[in-house]
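Where a number appears in this text, it was derived from the coordinates with a stated rule and is not lab data. Because the structure is a prediction, the values reported are computed rather than measured. Every residue, glycine as well, gets a Cβ built from its backbone with ideal geometry; the counts of neighbours run over all protein chains shown.
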Amino acid sequence: MNKSKRPFTKSKRSFRRRLPPIQSGDRIDYRNMSLISRFISEQGKILSRRVNRVTLKQQRLVTIAIKQARILSLLPFLNNQKQFER
């Protein structure tokens, strides 16, 4: 019985760590449309924290900023324009 010490070895894959979408100098407020628009889907929904890769505090600030921008009609509440592909 000749058993190796590690029969199931993991393959060493190198992965590139994704940069966080919000840098330390970025201000999260309703006027920063270039930042806010990254966190909205094509339908106009707010993307989840897991998809956005942001912290809980940042997600709360982003959500508040998006809601303020919607109230001030800088952003649409929803985008129901469906593209027909035939």
Under the condition of being within 8 Å of the chain's Cα centre (by Cα) and among the polar types (S, T, N, Q), which residue from region 28-55 is farthest from residue 77 (Cα to Cα)? 52
Restricting to region 36-63, count the residues that are in a helix (DSSP H, G or I), touching a residue at least 24 places away in the same chain (Cβ under 8 Å), aliphatic (A, V, I, L, M) and out of contact with any helix residue (DSSP H, G or I) (no Cβ under 6 Å at 6 or more places or on another chain). 1
Taking region 65-86 and keeping residues free of Cβ contacts under 8 Å to residues at least 12 places away in the same chain and not polar (S, T, N, Q) leaves 67, 70, 71, 82, 84, 85, 86
Which of the residues that make up region 20-40 are closer than 24 Å to residue 81 by Cβ and loosely packed, with under 11 Cβ neighbours inside 10 Å? 34
